[in-house]
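Okay, structure first, notes after.
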């Protein structure tokens, strides 16, 4: 899609899943992966090596239904299940646009909700459409579905999805356009890993909070609620938004 392929990936817990190459980075140059990873910063437009490694790729299937789907492709981008009942909408360049919570599934569709915008989506695999609605208004067709991929480990005839990985990565924009990337991990007691403006990653442990979520390591403290996050650090405070 858009010059990038889909890849089968393996998580540290042994589970497998699928990811679009347009939002991935690799240790070595590969022609259909967007960037080369270089520590906390990324190199864009890396040269392509002559003999890239062979990576297994999933194949789209007409037999995928609402119970088994893990990714839906449309002309402007895609919707991807990223774990813990969370979905991300990405544009044609692989940039994350919006975040959704999965509400339920049936044989035809997956139903998603974005509480920050009061937006509901229906990924209708049967009719090949993404339907969009705000509040209680009737849903309308937003996109035509051009492809779909099954969640790893599910049969294409229906069934219950396996427990997904328990982490979600959110990208915020802070004052002066500084990027803040936070990975929220829900396993154990919960923690967050963040990097701001390409700085080395810092791990923060989750602590009790009266409203929203709070993470700290004594030097940095992160507060998150809805689509916003506030990072306290030795130099001051950054207020950031998705």
Next item on the list: Check residue 120 against each of (1) surrounded by 19 or more Cβ atoms within 10 Å (Cβ to Cβ); (2) without any contact (Cβ under 8 Å) to a residue 24 or more places away in the chain; (3) closer than 20 Å to residue 181 by Cα and name the one condition it does not meet.
Entry: (3)
Notebook entry, point to check: Taking segment 93-112 on its own, how many of its residues are exposed (fewer than 15 other Cβ atoms within 10 Å of the Cβ) and under 16 Å from the mean Cα position of the chain (by Cα)?
Noted result: 4
Notebook entry, point to check: Can you name the number of the only condition in (1) at pLDDT below 70; (2) in contact with a strand residue (DSSP E or B) (Cβ under 6 Å, 6 or more places away or on another chain); (3) within 24 Å of residue 194 (Cα to Cα) that residue 101 fails?
Noted result: (1)
Check: How many of the residues in segment 225-238 are crowded, with 17+ Cβ neighbours inside 10 Å and not in a strand (DSSP E or B)?
Finding: 0
Next item on the list: Kindly check whether there is at least one residue in segment 80-95 that is assigned to a loop (DSSP other than H, G, I, E, B), in contact with a helix residue (DSSP H, G or I) (Cβ under 7 Å, 6 or more places away or on another chain) and at pLDDT below 90.
Entry: yes
Item checked: Residues (closer than 16 Å to residue 132 by Cβ and touching a residue at least 24 places away in the same chain (Cβ under 8 Å)) located in segment 79-89 -> 79, 87
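Condition check ((1) within 28 Å of residue 119 (Cα to Cα); (2) surrounded by fewer than 17 Cβ atoms within 10 Å (Cβ to Cβ); (3) touching a residue at least 40 places away in the same chain (Cβ under 8 Å)) across all residues:
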position: 196; (1), (2), (3): no, no, yes
position: 201; (1), (2), (3): no, yes, yes
position: 208; (1), (2), (3): no, yes, no
position: 218; (1), (2), (3): no, yes, no
position: 223; (1), (2), (3): yes, no, no
position: 240; (1), (2), (3): yes, no, yes
Check: Taking segment 123-146 only, how many residues are crowded, with 19+ Cβ neighbours inside 10 Å and either on the phi > 0 side of the Ramachandran plot or not in a loop (DSSP other than H, G, I, E, B) (or both)?
Finding: 5
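The values are calculated or read from the model by the stated rules, or taken from the named source; none is laboratory data. It should be emphasised that the depicted structure is a prediction, and the values quoted were computed from it without experimental measurement. A quick note on method: Cβ atoms are made from the backbone with ideal geometry, for glycine too, and the neighbour counts reach across all protein chains shown.
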